[in-house]
1. Which one of these is among the aliphatic types (A, V, I, L, M) and either in contact with an Asp or Glu (Cβ under 6 Å, 6 or more places away or on another chain) or in a loop (DSSP other than H, G, I, E, B) (or both): I78, I103?
2. Scan I193, I225 and give me the residue that is aliphatic (A, V, I, L, M), in contact (Cβ under 8 Å) with a residue 12 or more places away in the chain and over 27 Å from R105 (Cα atoms).
3. Is it the case that V152 is within 12 Å of the ligand (Cβ to nearest atom), at pLDDT 95 or above and either aliphatic (A, V, I, L, M) or in contact with a Cys (Cβ under 6 Å, 6 or more places away or on another chain) (or both)?
4. On the basis of being outside any strand (DSSP E or B), out of contact with any helix residue (DSSP H, G or I) (no Cβ under 6 Å at 6 or more places or on another chain) and farther than 25 Å from G27 by Cβ, does D158 make the cut?
5. Residues of segment 123-147 being out of contact with any Leu (no Cβ under 6 Å at 6 or more places or on another chain), of a type in the set (A, V, I, L, M) and more than 10 Å from the ligand (Cβ to nearest atom), which ones?
6. Considering every residue within segment 207-230, establish whether at least one is in a loop (DSSP other than H, G, I, E, B), within 21 Å of L29 (Cα to Cα) and of a type outside the set (A, V, I, L, M, F, W, C).
7. Starting from segment 13-32, keep only residues that are within 12 Å of L137 (Cα to Cα), then list their pairs with residues that are near the ligand (Cβ under 6 Å from one of its atoms) and charged (D, E, K, R) whose Cβ atoms are within a distance under 9 Å, requiring at least 6 positions of separation or different chains.
8. Tally time: how many residues in segment 111-122 are away from the ligand (no atom under 12 Å from the Cβ) and within 16 Å of the chain's Cα centre (by Cα)?
Amino acid sequence: MREWSQLQRQVASSVGFVPTMGALHEGHLQLLRQSREENVATVLSIFVNPTQFNNSNDFDKYPRSMEHDIELARSIGIDAVYAPESSTMYPEGFDTSIDPGSIARSMEGEFRPRHFEGVSTVVVKLLNTVKPHRLYLGQKDFQQLAVLRHVVSDLDMDVSVVGVPTIRENDGLAMSSRNVRLTEEQRRHASSIYSALTACQTQFRNGERNVDVLKDSVLSRLSSIPMCKVEYVSIVDADTLETLRVVHQAAVVCLAVYFGDVRLIDNVILRSE
Ligand code: AMP
């Protein structure tokens with residue numbers, strides 16, 4: 001991968017990079033397509049990173065479809081797929097970890113301790129090997145995008161971070177590799193997550209700015225979804241992820257819920273027009 005990248009940087013004016021954990025869906029493909037449009041060469045990485053899972057059951061059950069993913073990547077004209085083994089990423093003696101600090105402590109960081117240390121460390125390793133000009137990340141994982149922007153800036157890394165809007169199923173459910181683990185009934189109810197978020201956007205557009213009021217309405221809608229267990233709902237500043245009491249500038253409503261043992265996250269942005 002390193003040799004290929006070095007060569008590419010000589011011949012291609014820009015290399016785009018899309019890191020993933022595989023089990024590709026339309027959301028991933030959107031990132032790949034955007035990178036293809038904006039760069040001469042595009043690299044996809046597929047690595048189910050053990051250090052970002054704090055639940056071994058989630059790691060074991062994470063869907064994997066390497067052959068299919070490679071075929072898909074080939075069919076849309078991706079230039080290279082980097083799929084390292086765990087032993088390549090974490091050989092014996094590996095012991096370094098990047099702690100992104102306070103931006104990683106709330107929301108996902110609170111419920112998945114050390115998750116963003118795993119994410120930050122693996123992404124920096126991948127960037128050091130792939131050496132892209134642009135890094136493509138989905139807004140679906142809003143906090144991950146904010147954390148990685150922060151890491152790239154703090155560590156003076158020479159890469160532009162590009163955030164790509166969330167791709168949804170027709171009924172509004174955010175595409176996720178974990179969706180295939182939902183039962184038919186859970187899948188039907190899961191579309192109401194997005195309805196709860198869009199209802200909050202409507203309330204915001206109608207003038208509501210009080211975070212407690214907005215949050216309570218999302219919580220009450222979520223609690224009426226059958227089979228759905230809420231982990232958190234937070235309304236935070238869209239840049240700093242700091243908690244707010246009143247929405248002045250751009251804010252984001254982030255949430256995590258469980259259907260059985262399947263954990264889903266989603267978010268929408270609240271912005272005054
Ligand atoms: P993952 O394989 O889940 O680690 O995701 C790899 C990348 O794809 C991350 O940057 C995600 O934010 C992004 N991604 C995942 N699902 C979606 C989606 N539905 N829409 C846009 N981007 C997504």
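The values are calculated or read from the model by the stated rules, or taken from the named source; none is laboratory data. Computed from a prediction, not measured in an experiment: that's the story for all the values here. Note that we place each Cβ from the backbone using ideal geometry, even for glycine, and neighbour counts take in every protein chain shown.
1. Details: I103 fails: either in contact with an Asp or Glu (Cβ under 6 Å, 6 or more places away or on another chain) or in a loop (DSSP other than H, G, I, E, B) (or both).
Of the residues listed, the single one that is among the aliphatic types (A, V, I, L, M) and either in contact with an Asp or Glu (Cβ under 6 Å, 6 or more places away or on another chain) or in a loop (DSSP other than H, G, I, E, B) (or both) is I78.
2. None of the others qualify; the one that does is I225.
3. It is false that V152 is within 12 Å of the ligand (Cβ to nearest atom), at pLDDT 95 or above and either aliphatic (A, V, I, L, M) or in contact with a Cys (Cβ under 6 Å, 6 or more places away or on another chain) (or both).
4. Judged against the criteria, D158 is a match.
5. Scanning segment 123-147 gives V124, L126, L127, V130, V147.
6. Scanning segment 207-230, I find no residue that is in a loop (DSSP other than H, G, I, E, B), within 21 Å of L29 (Cα to Cα) and of a type outside the set (A, V, I, L, M, F, W, C), so the answer is no.
7. G27/K140
8. Residues flagged as away from the ligand (no atom under 12 Å from the Cβ) and within 16 Å of the chain's Cα centre (by Cα) within segment 111-122 amount to 7.
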